[in-house]
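Engineer: Quick one: structure below, then a few questions.
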Amino acid sequence: MSIDLQARIPNNVNLGEDRRLQRALEAWQPNYIHWWKELGPEGAMSFDVYLRTAISVDTNGWANFGYVKMPDYRWGIFLAEPEADRRIGFGDHMGEPVWQDIPGEHRSTLRRLIVTQGDTEPASVEQQRLLGLTCPSLYDLRNLFQVNVEEGRHLWAMVYLLHAYFGRDGREEAEAMLERHSGDSDKPRILGAFNEKTPDWLSYYMFTFFTDRDGKYQLASLAESGFDPLSRTCRFMLTEEAHHMFVGETGVSRVIQRTCDVMTKNKVDDPADVRALGVIDLETIQRYLNFHYSVTLDLFGGDASSNAANYYTAGLKGRYEETKIEDDHLLPDAEYPIFEVSGEKIVRKDVPALTALNARLCDDYIHEIEAGVARWNRNMERAGLPHRLTLPHKGFHRAIGNFAGHFISPAGEVLTEDAWKRNEHLWLPSPADYAYVQSLMSGRVVETGKFANWIAPPVRGVNRMPLNFEYVRFN
Ligand code: BYC
Ligand code: FE
Ligand code: FE
């Protein structure tokens, strides 16, 4: 199905044939634009940005590049093509045709999942709204804005489902998406990580590496859903997510590379000496990593969760790559190991696999994270430096799940609160670390082809454009 780009809301869901729905979404649209102008990228509304816009959902049609002013971006509703004769792949309804409408008994559960997913999207835009003021290059500025408009589109994706399938409740939830705000003391965003600050570009790259990847894993699980419109929406969102994680992985990698270059060239090792040269010491990078990793692990929910078991048996949310897993997809007797604190030790406990689905998804995620960190470490290897970044223990600095309320060191020791607090700033960024990184973000680097001192240039530009391309034009 092609996309109607002329419509006020571009879409491939035949919106024009459902006047009620179209009117409801057109009534929400001005509120969205108002929100974007208030809480989207600060001071950037008149810039011409070299952006990618989806014009169709097939493999070569959704990557269309051109200059766009962000408020004019064509946010639209795009679902991946339906799969013929798709069947529910797990749970009590396994083997039945997928639902094109919402089964009444799962209505409130599905609404809750869709609202939780949708809430994260505008939250991340809010968290990143000031970063454009201190971009390290035009290339990075453009990538930030690309991620921002796509997160805006992800909100549209969820708002479409709410409007199309949940009647008045859905419309109210869609309004509430624009009323909760990241870090707001009265109406915060739903999940913890989305109320944290993203105060500098190192935080931003860490966020897009770690937290957008939670997006990938959650979307992949929802793409298995028996509710077909949700599945198709998530499948298309996943194509966009890949770029967000690319920005994060390459961003951190470029920061590391630059630090390694400066360390080897000047033969310095001490963090203070490294900082004196205007780059970010590897110790600080490790602390940022510890923070973003631990905060993101909390997004997987409790290790043992009856909610997760219910989502699964109801056919609403599957496992990562459910259809590729070779088992009964019902999990009546299977077990899965989770970990918990018992006295002064962390012990393994085998629990019914059905209740451990959050832990399993989290482990799948960690696996992919490990590979990414190994790639970062190649920068140090190539530079001949002995330093390596490591992932802290899963229990370190957790607020949700079995380790919440415990004081676990990065090495996985169970500590007293006092002992943990004494080392806190060895493990997590201190106010001084944030202040130092902030001191590097002293303004926008706007000259084409130039990069801030603390980051290496990328290997290549966007869409085969050169590095000195004018990715953003200021107006
Ligand atoms: N913060 O049964 P449990 C993305 C609550 S990121 C605060 O273990 P469940 C993106 C929970 O609600 C992907 N509260 O939880 C990335 C429950 O509350 P009630 C976002 C939390 O339901 C970057 C209670 O604790 N998508 O797209 O199994 C940029 C017990 O929890 C948290 C989704 O999350 C928390 N971290 O699992 C832009 C997918 N964790 O019932 C975008 C949809 C748990 O006691 N959401 N709680 O009131 C879900 O699948 C599930 O809601 C969760 C939680 C996996 C998040
Ligand atoms: Fe997203
Ligand atoms: Fe994302």
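Bear in mind that the values in this text are calculations on the coordinates, not laboratory data. It should be emphasised that the depicted structure is a prediction, and the values quoted were computed from it without experimental measurement. All Cβ positions, even for glycine, are placed from backbone atoms using ideal geometry, and neighbour counts span all protein chains on display.
Engineer: When the helix-only estimate is applied to the chain (DSSP H runs of n ≥ 4, each -39,500 (n - 2.57), divided by the residue count), what is the mean residue ellipticity at 222 nm, nearest 500 deg cm²/dmol? Let's see the in-between values first.
Structural biologist: On the way: 13 runs with 215 residues, N = 475.
Using -39500 (n - 2.57) per qualifying helix, the result is -15000 deg cm²/dmol.
Engineer: How high is the relative contact order of the stretch 212-330, in percent, counting Cα pairs under 8 Å that sit 6 or more residues apart? Kindly include the intermediate steps, with their values, before the conclusion.
Structural biologist: Details: 87 pairs, mean separation 44.4, N = 119.
Here the relative contact order equals 37 percent.
Engineer: Follow-up. Specify, per residue and in Å³, the volume enclosed by the convex hull of the alpha carbon atoms belonging to the chain.
Structural biologist: It is 152 Å³ per residue.
Engineer: On a straight-distance basis, which lysines could pair with Lys265 in a cross-link, Cα separation under 30 angstrom, same-chain partners fewer than 8 positions away excluded?
Structural biologist: Result set, ordered by chain and number: Lys450.
Engineer: Based on the alpha-carbon gyration tensor of the stretch 261-384, what equivalent-ellipsoid semi-axes (square roots of 5 times the eigenvalues) come out, in whole Å, largest first?
Structural biologist: Each semi-axis is the square root of five times an eigenvalue, giving 41, 17, 12 Å.
Engineer: Just name one of Ala176, Ile256, Ile9: the one whose Cα is farthest towards the positive end of the charge dipole of the chain (beta-carbon charges, Lys/Arg +1, Asp/Glu -1).
Structural biologist: Most positive-ward Cα: Ile256.
Engineer: Let me ask you something else. I need to check one value: relative contact order of the chain, counting alpha carbon pairs closer than 8 Å and at least 6 residues apart, in percent.
Structural biologist: The value is 19 percent.
Engineer: Still on this structure, I have one more. Under a Cβ-Cβ cut-off of 12 Å, what is the net charge of the residues other than Pro271 that fall near it, where Lys and Arg count +1 and Asp and Glu count -1?
Structural biologist: -4
Engineer: Note down the net charge around Gly302, summing +1 for each Lys or Arg and -1 for each Asp or Glu among other residues with Cβ under 12 Å from its Cβ.
Structural biologist: Once all neighbours under 12 Å are counted, the net charge is -2.
Engineer: Dipole size in debye (nearest 20) for the stretch 137-259 around its Cα centre, Lys and Arg Cβ +1, Asp and Glu Cβ -1?
Structural biologist: It comes to approximately 300 debye.
Engineer: Kindly put Lys421, Lys394 in sequence by how many other C-beta atoms sit within 10 Å of each C-beta, fewest to most.
Structural biologist: So the ranking, lowest neighbour count to highest, is Lys421, Lys394.
Engineer: Still on this model: Can you give the charge dipole size of the chain about its Cα centre, rounded to the nearest 20 debye, using +1 on the beta carbon of Lys and Arg and -1 on the beta carbon of Asp and Glu?
Structural biologist: Using Cβ point charges on Lys, Arg, Asp and Glu, the chain gives about 1340 debye.
Engineer: Sticking with this structure for a sec: Please compute the net charge surrounding Asp364, taking Lys and Arg as +1 and Asp and Glu as -1 over other residues with Cβ under 10 Å from its Cβ.
Structural biologist: Numbers: positive: Arg319, Arg360; negative: Glu321, Asp363, Glu368.
Residues close to Asp364 contribute a combined charge of -1.
Engineer: Identify, among Leu144, Phe209, Ser306, the residue whose Cα sits farthest towards the positive end of the charge dipole of the chain, taking +1 on the Cβ of Lys and Arg and -1 on the Cβ of Asp and Glu, with the dipole about the Cα centre.
Structural biologist: Working it through, the farthest residue towards the positive pole turns out to be Leu144.
Engineer: Could you work out how far the C-alpha centroid of the stretch 32-96 sits from that of the stretch 208-232, in angstrom?
Structural biologist: The two parts, judged by their Cα centres, are 14 Å apart.
Engineer: What's the ranking of 347-360, 243-256 by average number of surrounding C-beta atoms within 10 Å, highest first?
Structural biologist: Working: 347-360: 18.4, 243-256: 22.0.
Order by mean packing, descending: 243-256, 347-360.
Engineer: Check cross-link reach from Lys345 to the lysines: straight Cα distance under 28 Å, and skip same-chain residues fewer than eight apart.
Structural biologist: Partners within reach: Lys394, Lys421.
Engineer: Would you work out which of Val49, Tyr365, Ser342 lies farthest towards the positive end of the dipole of the chain, given +1 charges on the beta-carbon of Lys and Arg and -1 on that of Asp and Glu, about the Cα centre?
Structural biologist: The Cα lying farthest towards the positive end belongs to Val49.
Engineer: May I pose another question? If you rank Phe474, Phe78 by fewest surrounding Cβ atoms within 10 Å, what's the result? Intermediate values should be presented prior to the final figure.
Structural biologist: Values: Phe474 13, Phe78 25.
Ascending number of Cβ neighbours within 10 Å: Phe474, Phe78.
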